[in-house]
Amino acid sequence: MKIAIVGCGSRHKMFRDSIADDYADKHEIVALCDSNPHRLGEAAKALAKPSTNGVATYLAEDFERLIAEQRPDTVVVATPDFLHADYIVRAFEAGCDVICEKPLTIDLTRLKMIVDAQARTGRKVQVTFNYRYSPARTQIKELISSGAIGEVTAVDFRWHLDRVHGADYFRRWHRQKENSGGLLVHKSTHHFDLLNWWLGTVPTAVFASGRRAFYRPETAAALGLEGRGTRCHGCPVATKCDFALDLAADESLRNLYLEAEGADSYFRDLCVFDDEIGIEDTMQAHIRYASGVTANYTLTAYSTWEGLEIKFQGTKGDITHRHVEVHGVFGGTRAHADADAVTTELHLAGQMPRLLEVPTASGHHGGADPVMLGYIFDPEGMTPDQYGRASDHVAGAWSILTGIAANASIETGSVVDIKSMLRSRGIKLEH
Ligand SMILES: NC(=O)c1ccc[n+]([C@@H]2O[C@H](COP(=O)([O-])OP(=O)(O)OC[C@H]3O[C@@H](n4cnc5c(N)ncnc54)[C@H](O)[C@@H]3O)[C@@H](O)[C@H]2O)c1
């Protein structure tokens, strides 16, 4: 495939390095595109090979010229979330397929644009739900599909973002709903996709509550951070702030963001306690599914530890899965786990609970990223995927609909019926 990558920030590196290092015999990156000339140049430098002209680079306004000159087969979209739909539609119209970072998009207007363009052009988008590919999550899929606990009837799902990783969503574009859809879309798209995929069903109704309880000026005041600046860089109280992110101290952050600020004033280290933040940090939802299953879901972004806890109740028993995750450190000086810890317990009615052996793999996101990349870039080289882990626009859509409905429920205080919501916008989800 001839591949163009749009959005050359932190996440694009996974695709760029994978194609260039692991799949260079099969695919070629023919162009890079970004609105920021510095990040664009740095991404091109990383791909540079001696005695070649290097990869072609295009600023965002030249995307149509990129398509005309480089004729990519596939466009990888790794821009901020609110821009995904626009690039997907333009790529489809130009005859390209798309590999899109999660979430597919952030609202119903943009979802309709994608669904209509897909129907019009017949092109494909794969949404990169890496969590599906982690061995521990695949094991859960296998257990549920094999009927190990009978029919699943109820789920309790809690996802904890800690004060290192969770805080990072409050520093930059994610912190406004118009950019990310809020955490119930931006982050929970992974979790709601896992539920849809594990349970083999789709959501029908959502009732949710959410508020910003921690990342707000009152917390800064309680922490003694009077006189804080609007960002960490140059902040007079940075040395005593446990949430400070020092962009200058980390080579990769300095290069990718601090040195790129001149072109677009994209500040990576805005104060996490700003009044102007528009997303919630404490969210709970009750979800009904087409199959009859019901689920309770909690997401917090200032927890003492990072990871997930889930219990599936079934007619023959239950499964309890817990994963303490370790993430890259984004600022602060807090203690956190130094190794992942995963447990999955199967408890069948009338028997003692049994701790299962959980398979592991190496690589980012619990070994998920390399497996997913293998299926995307070398499907013939992989064993046929019996778990149906690849996600198209329909799976991508269902994964954001729970969060979009939850956002609407938070706003109105009512239960949101997803079928009516889709009908009111003329959105038809068919493969
Ligand atoms: N699956 C995962 O685990 C995972 C992890 C991290 C990020 N992501 C996703 O990857 C995407 C990118 O996130 P990130 O952390 O790399 O963000 P980032 O801010 O580091 O990078 C985004 C890049 O897009 C560029 N950009 C902005 N406007 C543009 C435009 N109009 N045209 C072209 N480029 C433009 C920015 O200059 C920047 O280089 C997001 O959708 C995010 O949700 C997924």
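Here is how the numbers come out for the structure above:
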item	result
Beta bridges per DSSP with both ends in the chain, % antiparallel, nearest 5	60
Compactness relative to 2.2 N^0.38 Å, alpha carbon Rg of region 271-408	1.29
Share of carbon and sulfur in the accessible heavy-atom surface of the chain [1.4 Å probe, %]	50
The chain: C-alpha gyration tensor shape, a/c 1.5 cut-off, then a/b vs b/c	rounded
Thr343 paired with Asp156, simple spin-label distance in nm, labels 7 Å along Cα-to-beta-carbon	1.5
Solution diffusion estimate, µm²/s, Stokes-Einstein, region 217-264, Kirkwood Rh from C-alpha pairs, 10 °C, viscosity 1.306 mPa s	135
Å² per residue, accessible surface of the chain at 1.4 Å	42
The chain, dipole about Cα centre (Lys/Arg Cβ +1, Asp/Glu Cβ -1), debye to the nearest 20	860
Full-extension gain in nm, Thr315 to Lys13, via 0.36 nm per residue minus C-alpha separation	104.3 nm
Simple Cβ-charge dipole of region 2-129, Lys/Arg +1 and Asp/Glu -1, about Cα centre, in debye nearest 20	120
Partner aspartates and glutamates for Lys187 [C-alpha distance under 17 Å; skip if fewer than 8 residues away on the same chain]	Asp81, Glu101, Asp107, Asp162, Asp168, Glu178, Glu280, Asp281, Glu306, Glu309, Glu325, Asp369
Value at 222 nm in deg cm²/dmol, rounded to 500, when DSSP H runs of n ≥ 4 in the chain each add -39,500 (n - 2.57)	-9000 deg cm²/dmol
When each of Lys102/Lys419; Lys102/Lys141; Lys316/Lys428; Lys13/Lys311; Lys45/Lys240 is checked by Cα-Cα distance, pairs over 26 Å	Lys316/Lys428; Lys13/Lys311; Lys45/Lys240
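The values are calculated or read from the model by the stated rules, or taken from the named source; none is laboratory data. Just so it is clear, the model here is predicted, and its values are computed rather than measured. FYI the Cβ positions are ideal-geometry reconstructions off the backbone, even for glycines, and counts take in every protein chain you see. For accessibility, only protein heavy atoms count, side chains too; no ligands or nucleic acids. Shrake-Rupley method; radii C 1.70, N 1.55, O 1.52, S 1.80 Å.
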